[in-house]
1. Consider the range 313-369. How many of its residues are surrounded by fewer than 18 Cβ atoms within 10 Å (Cβ to Cβ), touching a residue at least 60 places away in the same chain (Cβ under 8 Å) and not in a helix (DSSP H, G or I)?
2. So which residues in the range 34-56 are of a type outside the set (Gly, Ala, Ser) and within 25 Å of the chain's Cα centre (by Cα), if there are any at all?
3. Exactly one condition in (1) out of contact with any Gly (no Cβ under 6 Å at 6 or more places or on another chain); (2) closer than 20 Å to Glu229 by Cα; (3) open to solvent by less than 30 Å² (accessible area, probe 1.4 Å) is false for Leu273; which is it?
4. I'm checking my understanding of the structure. Among residues of the range 370-383 that are open to solvent by 60 Å² or more (accessible area, probe 1.4 Å) and of a type outside the set (Lys, Arg), which one is farthest from Asp198 (Cα to Cα)?
5. So which of Ile149, Ile90 ends up being free of Cβ contacts under 8 Å to residues at least 60 places away in the same chain, open to solvent by 90 Å² or more (accessible area, probe 1.4 Å) and either under 27 Å from Gln38 (Cα atoms) or among the aliphatic types (A, V, I, L, M) (or both)?
6. Those residues that are buried (at least 24 other Cβ atoms within 10 Å of the Cβ), more than 10 Å from the chain's Cα centre (by Cα) and either on the phi > 0 side of the Ramachandran plot or of a type in the set (Gly, Ala, Ser) (or both), I need them from the range 184-228; list them, please.
7. Residue check: is Leu315 within 18 Å of His359 (Cβ to Cβ) and at pLDDT 95 or above?
Amino acid sequence: MIKHLKKGKEEEDKKEFLQQVKSTVETIIEDIETNGDQAISQYSEKFDKWNPESFRLAKEEIQACYDELDDNIIEDIKWAQEQVRNFAQIQRDSMKDVEVETLPGVTLGHKHIPMESVGCYVPGGKYPLVASAHMSVVTAKVAGVKRVIAAAPPFDGRPSPAIVVAMDLAGADEIYCFGGVQAIAAMAVGTESIPPVDMIVGPGNAFVAEAKRQLFGRVGIDLFAGPTETLVIADDSVDGELCAADLLGQAEHGPTSPAILLTNSEALAKDTLAEIERQLTILPTAEVAGAAWKDYGEVIVCDTYEEMVEVANDLAFEHVQIMTQNVPYFKENMRNFGALFLGPETNVSYGDKCIGTNHTLPTRKAARYTGGLWVGKFIKTCTFQSATEEASVVVGEYCSRLCAVEGFAGHKEQADIRLRRYKG
């Protein structure tokens, strides 16, 4: 039996909010399409109180950010980027070009071709999310993207030194200080001063996710990565203190970030609920985490592991933390998730910041059909084919007959002209 000890907002409430987001985003994109840089300035002033002469940072401004940071922080950023770069390179090396003779004289293959230009969005209005620079810019560069531009909103009224340094160390070719829908639209459609890119990647709030959704098709996107979701799957092998820490640690992303405990132990569920209330009295980010927990937090109790897997696969959450006696069971049976964190020794924060896997992951059930950002997202896998004259005759005879079945006379003639020329 599956029961809820705590529920979040009803779906209708969430739909109403998303409809408001959709309308707002449509208006901003249309304005930027029409008015370009002028609209960017207006929205940046309105939302971020930031309107510099140029949103692109000059070399001197980038160097000033280095000068503000302690050497230890710069070294930590380099270490985290090395972990991300290493795993991205391992993934890239797994992608092989193919060229094979499938029939006598018929050669088929595919090539992996990096995109020409990519825009990387790094959230930074509420928290300076330095790690998002590693995840997007480093990975794009490992893939071989020629032009990688990066954008982040101002933090405390100016460019975040740590984000800017991370973007630069990661290899960004252009660095901009603006955020939100206006940043996504500027990179996607272009303005008088910003050439458009071929693809937009990176996480963000509901407005950023909606902007990517509306612009998809005009540009590519990595995936729909909206407000952070976390699912903690636990049994009585762990305690409420650990579960509460892992739930609140992700709820602090924002007031619309869902955090769910899924367990087969009602005692653990109640212990976790009590621990969450206690930790909210001492957590520095309790105002945000508490709001998210109040409106989007849930506690679900099941009888069996099988029920827990059923619920988890239906939720298709971004982050799934497994803290049970039988971790391999969930690793084997989970199908819909952005990333798994296996065992109490690891946690979502490791993946978010520095362990090496990518933290840009699918939300809002997108994990049913896609994984997260990885080096392959920046690469087009394109096929090619060739045939000898003899092989063209073999394939052409089948093609001619199949085209006739479909009534495609022009297609049939493409085959027939080769049959006339090559059949001997």
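The values are calculated or read from the model by the stated rules, or taken from the named source; none is laboratory data. Note that the coordinates shown come from a computational prediction; the quantities given were computed from them, not determined experimentally. Using ideal geometry, Cβ is built from the backbone for each residue, glycine included, and neighbour counts are taken over all protein chains shown. Areas reflect the complete protein model, heavy atoms only, side chains present, ligands, DNA and RNA absent. Shrake-Rupley method; radii C 1.70, N 1.55, O 1.52, S 1.80 Å.
1. Counting residues in the range 313-369 that are surrounded by fewer than 18 Cβ atoms within 10 Å (Cβ to Cβ), touching a residue at least 60 places away in the same chain (Cβ under 8 Å) and not in a helix (DSSP H, G or I) gives 3.
2. Our first condition is that a residue be of a type outside the set (Gly, Ala, Ser); within the range 34-56, this holds for 34-35, 37-38, 40, 42-43, 45-53, 55-56.
Across the range 34-56, the qualifying residues are Ile40, Tyr43, Phe47, Asp48, Phe55, Arg56.
3. Every condition holds for Leu273 apart from (3).
4. The selected residue is Thr383.
5. It is Ile90.
6. Ala185, Ala186, Ala188, Ala211, listed by residue number.
7. The answer is no for Leu315.
Here's the yes/no breakdown for (1) in contact with a helix residue (DSSP H, G or I) (Cβ under 6 Å, 6 or more places away or on another chain); (2) under 30 Å from Phe155 (Cβ atoms); (3) free of Cβ contacts under 8 Å to residues at least 40 places away in the same chain:
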position: His4; (1), (2), (3): no, no, no
position: Glu30; (1), (2), (3): no, yes, yes
position: Gln38; (1), (2), (3): no, yes, yes
position: Asn51; (1), (2), (3): yes, yes, yes
position: Gln81; (1), (2), (3): yes, yes, no
